[in-house]
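Notes follow once the structure below has been shown.
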Amino acid sequence: LQLKAKQTIRMTDLVSEKQFAKYYVNASRKTGVTGTIMLQTLESRLDNVLYRAGFAITRRQARQIVNHAHVLVNGKKVDIPSYLLKAGDVVTVRETSKEFIKNVIASIDLALSYAWLTVDRDELKITFDRIPAREELDPEFKEQLVIEYYSK
(Lines give C-alpha, C1' and ligand atoms only; values in the text may rest on other atoms or scores of the structure.)
Protein backbone atom coordinates (compact mmCIF):
# COMPACT_ATOMS: atom_id res chain seq x y z
CA LEU A 1 0.00 0.00 0.00
CA GLN A 2 2.82 2.38 0.90
CA LEU A 3 4.80 1.51 -2.23
CA LYS A 4 1.70 2.04 -4.38
CA ALA A 5 1.08 5.47 -2.82
CA LYS A 6 4.70 6.46 -3.47
CA GLN A 7 4.63 5.21 -7.06
CA THR A 8 1.36 7.04 -7.74
CA ILE A 9 2.85 10.38 -6.74
CA ARG A 10 6.15 9.63 -8.46
CA MET A 11 4.56 8.61 -11.76
CA THR A 12 2.08 11.48 -11.73
CA ASP A 13 4.88 14.02 -11.45
CA LEU A 14 7.28 12.05 -13.71
CA VAL A 15 10.06 12.04 -11.15
CA SER A 16 12.81 9.41 -11.00
CA GLU A 17 13.24 7.25 -7.92
CA LYS A 18 16.49 9.01 -7.02
CA GLN A 19 14.94 12.49 -7.36
CA PHE A 20 11.90 11.47 -5.34
CA ALA A 21 14.10 10.11 -2.53
CA LYS A 22 16.02 13.43 -2.52
CA TYR A 23 12.76 15.37 -2.24
CA TYR A 24 11.81 13.20 0.74
CA VAL A 25 15.19 13.73 2.45
CA ASN A 26 15.05 17.50 1.89
CA ALA A 27 11.45 17.66 3.15
CA SER A 28 12.29 15.62 6.26
CA ARG A 29 15.10 18.06 7.15
CA LYS A 30 12.79 21.08 7.09
CA THR A 31 10.49 22.02 9.93
CA GLY A 32 6.85 21.29 9.30
CA VAL A 33 4.82 18.37 7.97
CA THR A 34 7.21 16.32 5.83
CA GLY A 35 4.57 14.99 3.43
CA THR A 36 3.10 18.41 2.77
CA ILE A 37 6.53 19.95 2.20
CA MET A 38 7.38 17.18 -0.25
CA LEU A 39 4.16 17.71 -2.23
CA GLN A 40 4.72 21.48 -2.23
CA THR A 41 8.23 20.94 -3.60
CA LEU A 42 6.88 18.75 -6.40
CA GLU A 43 4.24 21.38 -7.16
CA SER A 44 6.86 24.15 -7.47
CA ARG A 45 8.88 22.36 -10.18
CA LEU A 46 9.08 24.35 -13.42
CA ASP A 47 7.62 21.58 -15.61
CA ASN A 48 4.67 21.15 -13.23
CA VAL A 49 3.97 24.89 -13.14
CA LEU A 50 3.88 25.00 -16.95
CA TYR A 51 1.47 22.07 -16.98
CA ARG A 52 -0.78 23.60 -14.30
CA ALA A 53 -0.84 26.94 -16.10
CA GLY A 54 -2.06 25.25 -19.28
CA PHE A 55 1.07 25.86 -21.35
CA ALA A 56 1.38 22.12 -22.04
CA ILE A 57 -1.11 19.34 -22.67
CA THR A 58 0.77 16.76 -20.56
CA ARG A 59 3.58 16.83 -18.05
CA ARG A 60 5.82 15.09 -20.59
CA GLN A 61 5.19 17.93 -23.04
CA ALA A 62 5.92 20.46 -20.28
CA ARG A 63 9.27 18.72 -19.63
CA GLN A 64 10.08 18.86 -23.33
CA ILE A 65 9.16 22.55 -23.57
CA VAL A 66 11.59 23.27 -20.72
CA ASN A 67 14.31 20.97 -22.11
CA HIS A 68 14.17 22.71 -25.48
CA ALA A 69 14.71 26.08 -23.74
CA HIS A 70 11.40 27.64 -24.72
CA VAL A 71 10.97 29.36 -21.32
CA LEU A 72 12.69 32.03 -19.27
CA VAL A 73 12.55 32.34 -15.48
CA ASN A 74 12.99 35.93 -14.33
CA GLY A 75 14.43 36.74 -17.77
CA LYS A 76 17.05 33.96 -17.74
CA LYS A 77 17.02 30.82 -19.87
CA VAL A 78 16.24 27.69 -17.85
CA ASP A 79 16.31 24.26 -19.47
CA ILE A 80 16.02 22.07 -16.38
CA PRO A 81 12.48 20.68 -15.79
CA SER A 82 13.16 20.07 -12.09
CA TYR A 83 14.09 23.73 -11.49
CA LEU A 84 12.32 24.78 -8.28
CA LEU A 85 10.47 28.08 -8.47
CA LYS A 86 10.34 30.43 -5.53
CA ALA A 87 7.49 32.76 -4.61
CA GLY A 88 7.47 35.74 -6.94
CA ASP A 89 9.29 34.05 -9.85
CA VAL A 90 8.02 35.00 -13.29
CA VAL A 91 8.05 32.44 -16.11
CA THR A 92 7.83 33.80 -19.65
CA VAL A 93 8.07 32.26 -23.10
CA ARG A 94 10.98 33.18 -25.38
CA GLU A 95 10.11 35.40 -28.35
CA THR A 96 11.10 32.71 -30.86
CA SER A 97 8.82 30.15 -29.17
CA LYS A 98 5.66 32.22 -28.70
CA GLU A 99 3.90 30.93 -31.82
CA PHE A 100 4.50 27.31 -30.81
CA ILE A 101 3.19 27.82 -27.27
CA LYS A 102 0.14 29.74 -28.55
CA ASN A 103 -0.72 26.72 -30.72
CA VAL A 104 -0.44 24.44 -27.67
CA ILE A 105 -2.60 26.75 -25.55
CA ALA A 106 -5.24 26.92 -28.30
CA SER A 107 -5.67 23.14 -28.15
CA ILE A 108 -6.21 23.15 -24.37
CA ASP A 109 -9.57 23.95 -22.84
CA LEU A 110 -8.41 25.01 -19.39
CA ALA A 111 -11.26 25.53 -16.95
CA LEU A 112 -9.08 25.21 -13.85
CA SER A 113 -7.17 28.07 -12.34
CA TYR A 114 -4.88 27.75 -9.37
CA ALA A 115 -4.73 30.29 -6.56
CA TRP A 116 -0.93 30.15 -6.33
CA LEU A 117 -0.42 30.96 -10.04
CA THR A 118 -1.21 34.12 -11.97
CA VAL A 119 -1.44 33.25 -15.67
CA ASP A 120 -1.49 35.87 -18.43
CA ARG A 121 -2.31 33.92 -21.61
CA ASP A 122 -2.01 36.96 -23.89
CA GLU A 123 1.49 37.83 -22.68
CA LEU A 124 2.40 34.13 -22.18
CA LYS A 125 3.51 34.88 -18.64
CA ILE A 126 3.11 32.89 -15.41
CA THR A 127 3.77 34.36 -11.98
CA PHE A 128 4.40 31.83 -9.22
CA ASP A 129 2.79 33.83 -6.41
CA ARG A 130 3.31 31.47 -3.49
CA ILE A 131 3.81 27.87 -2.38
CA PRO A 132 0.40 26.14 -2.37
CA ALA A 133 -1.19 24.98 0.88
CA ARG A 134 -1.95 21.27 1.38
CA GLU A 135 -5.70 21.86 1.00
CA GLU A 136 -5.07 23.18 -2.53
CA LEU A 137 -3.09 20.12 -3.63
CA ASP A 138 -4.39 16.82 -4.97
CA PRO A 139 -6.50 15.12 -2.25
CA GLU A 140 -5.90 11.72 -3.92
CA PHE A 141 -2.26 11.70 -2.81
CA LYS A 142 -1.68 9.90 0.48
CA GLU A 143 1.66 11.37 1.46
CA GLN A 144 1.51 9.83 4.95
CA LEU A 145 1.94 6.39 3.38
CA VAL A 146 4.99 7.66 1.49
CA ILE A 147 6.53 8.95 4.72
CA GLU A 148 5.90 5.58 6.36
CA TYR A 149 7.49 3.84 3.38
CA TYR A 150 10.70 5.89 3.60
CA SER A 151 10.94 5.80 7.41
CA LYS A 152 11.34 2.01 7.48
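The values are calculated or read from the model by the stated rules, or taken from the named source; none is laboratory data. Small disclaimer: the values here were computed from a predicted structure and weren't measured. Positions of Cβ are generated from backbone atoms using ideal geometry, with glycine treated the same way; all protein chains shown enter the neighbour counts. For accessibility, only protein heavy atoms count, side chains too; no ligands or nucleic acids. Shrake-Rupley method; radii C 1.70, N 1.55, O 1.52, S 1.80 Å.
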Report summary line: The correct count of residues that are over 23 Å from Lys22 (Cβ atoms) and open to solvent by 50 Å² or more (accessible area, probe 1.4 Å) in the range 55-94 is 8
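This table checks each residue for (1) under 19 Å from Ile9 (Cα atoms); (2) open to solvent by less than 30 Å² (accessible area, probe 1.4 Å).
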{"site": "Thr96", "(1), (2)": "no, no"}
{"site": "Phe128", "(1), (2)": "no, yes"}
{"site": "Ile131", "(1), (2)": "yes, no"}
{"site": "Tyr149", "(1), (2)": "yes, no"}
Query raised in the report: Of the residues that make up the range 13-33, is at least one within 22 Å of Leu117 (Cβ to Cβ), of a type in the set (Val, Ile, Thr), within 12 Å of the chain's Cα centre (by Cα) and open to solvent by less than 20 Å² (accessible area, probe 1.4 Å)?
Result: yes
Requested in this report: Note down all Cβ pairs under 6 Å where the first residue falls in the range 30-41 and is over 10 Å from Ile147 (Cα atoms), the second is among the small types (Gly, Ala, Ser) and open to solvent by less than 60 Å² (accessible area, probe 1.4 Å), and they're at least six residues apart or on different chains.
Outcome: Ile37/Ala27
Query raised in the report: How many of the residues making up the range 47-93 are aliphatic (A, V, I, L, M), in contact with a strand residue (DSSP E or B) (Cβ under 8 Å, 6 or more places away or on another chain) and over 21 Å from Arg134 (Cβ atoms)?
Result: 10
Query raised in the report: Within the bounds of the range 3-12, is there any residue that is open to solvent by less than 60 Å² (accessible area, probe 1.4 Å) and more than 16 Å from Tyr150 (Cβ to Cβ)?
Result: yes
Query raised in the report: Within the set of pairs 6+ apart or on separate chains, which have a first residue in the range 101-125 that is within 14 Å of His70 (Cα to Cα) and modelled with pLDDT of 90 or more, a second that is open to solvent by 60 Å² or more (accessible area, probe 1.4 Å) and assigned to a helix (DSSP H, G or I), and C-beta atoms under 8 Å apart?
Result: Leu124/Lys102
